[in-house]
Amino acid sequence: MSVFPPGVALQVLAPDPSERPPPRFAAAPITAQYRIAAEHYLLRLRDPQIARGAPGQFVMIKPTRALEVHPQLPRPMAVYRYLPASEEFEIVYRVVGTGTRVLSERAAGEVAEVMGPVGQPFRLRPGLAGLLLIGRGIGTCSLTAAAERAAAQGARVYAVVSARRREFLVGLDLFARLEAEVLAVNDADGTSAPARVGAFVAPLVEAGRVQQILVCGSHRLIALAVRLAAPYGVEVQVSLEAHMACGIGYCHGCSHGAVGESEEAPLVCRDGPVFRCLQVEAA
């Protein structure tokens, strides 16, 4: 267990082999790719095993074509949606550099080199009646598959979707299809302050309308969720984001601990990306 962000302890979830089959390397056909916002793309690929992954897992995807010589490492990408009926899965990503720009130039009919599904998934409680999702920026893409799974099991879905600007809000169409109750906020119009988010979250927790909270994309929102949930025994799970080269624990580049720790903190790829969050009392 380690403390991250301040006041929050991250606890590694016990491995469950039934929910975490070994990842596989695949040449996955690209079945669709299109722009969904100014800097965001949706990429759909086909692979039967990855399409049956669990919410919260991710894939490592090579941005370039197989025969291209290009100094680009694979990129970790959250699975936005699983579509097992068609053996497909979807990734939503933002173009932020050379690798993602190259990936955005790939087209349907090409083949992408991927490895997955990777990582510890979210663990939804049996009999879950209400699930709250709190996502910031592209981090929301780590939560959407869990929203679909929970809704399919009969749970009511609530969501906070936050971003720097309105056009960067991700997943609103998916949450609308699930008839989720959504608070959409952004920095540009001044609606994303923690107090505003807390005013939406607190009544849900206090009234017992949600039994789990899943968070990704913001340390500030993680801390807020844990602080509000702890007095009521509501479980908080977080998906951490990290740069990584391998995705399976070889490179040890995604330890989330502080530099200088005498013992290596858990790896986001191998021990996460999903962790349980516990509140830490001030010393």
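Tally up the carbon and sulfur contribution to the accessible surface of region 24-118 as a whole percent, 1.4 Å probe, everything protein left in place.
Taking all protein chains in place, region 24-118 shows 57 percent carbon and sulfur surface.
With runs of 4+ DSSP H residues as the only contributors, calculate the mean residue ellipticity of the chain at 222 nm using -39,500 (n - 2.57) per run, divided by the residue total and rounded to the nearest 500.
-4500 deg cm²/dmol
Kirkwood hydrodynamic radius for the chain: how many Å is it when counted over pairs of different Cα atoms?
Across the chain, the inverse of the average 1/r is 19.1 Å.
Please state the Cα pair-distance histogram of region 93-241 with 5 angstrom bins from zero: what percent is in each bin?
The percentages, shortest bin first, are 2, 9, 18, 21, 20, 14, 8, 5, 3, 1, 0.
With a Förster radius of 25 Å, plug the Cβ-Cβ distance of ALA188 and ILE36 into 1/(1 + (r/R0)^6) and report the FRET value to the nearest 0.05.
Working from the Cβ atoms, E equals 0.85.
Run the Debye formula on the Cα coordinates of region 24-118, all scatterers equal and no solvent, and tell me log10 I(q)/I(0) at q = 0.10, 0.11, 0.14 1/Å.
Result of the Debye calculation: -0.22, -0.26, -0.43.
The values are calculated or read from the model by the stated rules, or taken from the named source; none is laboratory data. If you're wondering where the values come from, they're calculated on a predicted model, not measured in any experiment. No Cβ is skipped: glycine too gets one built from the backbone with ideal geometry, and neighbour counts run over all protein chains shown. Just the protein is used for accessible areas: all its heavy atoms, side chains included, with ligands, DNA and RNA removed. Shrake-Rupley method; radii C 1.70, N 1.55, O 1.52, S 1.80 Å.
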